[in-house]
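Take a look at the structure set out below.
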Amino acid sequence: LLRRVTFDLVGLPPTPAELKAFGSDESPDAYERVVDRLLASPRHGERWARHWMDSAHFAETHGHDQDRIRPNAWPYRDYLIASFNADKPYPRFIQEQVAGDALFPTDPWATVALGFVAAGPWDESSLRDIREDTLDRQIARYVDRDDMVMTVMSVVTSTTVHCARCHDHKFDPVSQRDYYALQ
């Protein structure tokens with residue numbers, strides 16, 4: 001019981017001392033106190049931020065063939081950990097990550113939260129080495145924005161919008177016009 005809840009909430013096994021203390025605690029609220037302690041632990045935010053970073057495609061490098069380090073990626077990671085540890089309300093959490101700069105302009109963390117739309121892979125070679133005034137440059141920008149739209153829609157609304165990039169479907173909730181408006 002203790003091992004399961006410890007792994008679930010903080011991602012680490014309980015220490016031998018914690019196992020011994022829990023095993024010898026006969027109070028009726030022993031389990032509830034363990035859960036409260038684990039939820040108050042900074043490790044709790046670290047554990048759950050990892051899941052969100054996977055959904056956001058967070059990376060500390062660009063990925064692709066030009067896999068350069070992103071030296072300023074860490075503030076978004078720290079924002080997530082702090083948000084989970086503070087038990088931030090989900091609506092605020094999403095608002096900050098999708099439009100934090102516009103909705104909360106005086107909150108510096110809301111700007112950091114925008115890492116959600118920009119933390120995924122970025123094909124630097126398709127943007128860095130292509131002249132600004134070319135069709136290839138425009139296509140590369142659309143591909144980059146496509147990843148942002150796909151991430152936001154799939155994570156926040158559980159809706160895929162891949163088809164809408166190219167055409168409308170009769171019964172899909174997002175039209176091609178709506179897709180490009182999101183971009």
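Structural remarks
- All other residues whose Cβ lies under 10 angstrom from that of Leu9 are scored, Lys and Arg at +1 and Asp and Glu at -1, for a net of +3.
- Fluctuation leader among Pro13, Pro28, Pro71 - the chain, Gaussian network, Cα springs under 10 angstrom: Pro28
- For the chain, a Kirkwood radius taken over Cα pairs fed into Stokes-Einstein (10 °C, viscosity 1.306 mPa s) yields D = 83 µm²/s.
- Shape summary: the stretch 83-170 maps onto an equivalent ellipsoid whose semi-axes, from the alpha-carbon gyration tensor, are 28, 19, 10 Å in decreasing order.
- Furthest towards positive pole of dipole, Asn72, Val35, Ala110, structure part the chain, Cβ charges: Val35
- Net charge in the neighbourhood of Val161 (other residues with Cβ under 11 Å of its Cβ; Lys, Arg +1, Asp, Glu -1) is -2.
- Placing +1 on the Cβ of every Lys and Arg and -1 on the Cβ of every Asp and Glu, with nothing else charged, gives the chain a dipole about its Cα centre of roughly 180 debye.
- Couplings for the stretch 39-55, taken from phi via the Karplus curve 6.51 cos²θ - 1.76 cosθ + 1.60 with θ = phi - 60°, read 5, 7, 6, x, 5, 4, x, 5, 4, 7, 5, 4, 5, 5, 4, 4, 5 Hz in order; Gly and Pro are left as x.
- Arg4, Arg177, Arg37, ranked by accessible area, largest first (probe 1.4 Å): Arg177, Arg4, Arg37
- Listed residues Gly23, Gly11, Gly115, most fluctuating in the chain (Gaussian network, C-alpha, under 10 Å): Gly23
- Amide H contacts for Thr61 (H built 1.01 Å from N in the peptide plane; partners 5 or more residues away or on another chain; cut-off under 5 Å): Arg70.
The values are calculated or read from the model by the stated rules, or taken from the named source; none is laboratory data. Quantities reported herein were computed from a predicted structural model and do not represent experimental measurements. Neighbour counts are summed over all protein chains in view; Cβ atoms, including those assigned to glycine, are modelled from backbone coordinates with ideal geometry. Calculation scope for accessible area: heavy atoms of the full protein, side chains included, ligands and nucleic acids excluded. Shrake-Rupley method; radii C 1.70, N 1.55, O 1.52, S 1.80 Å.
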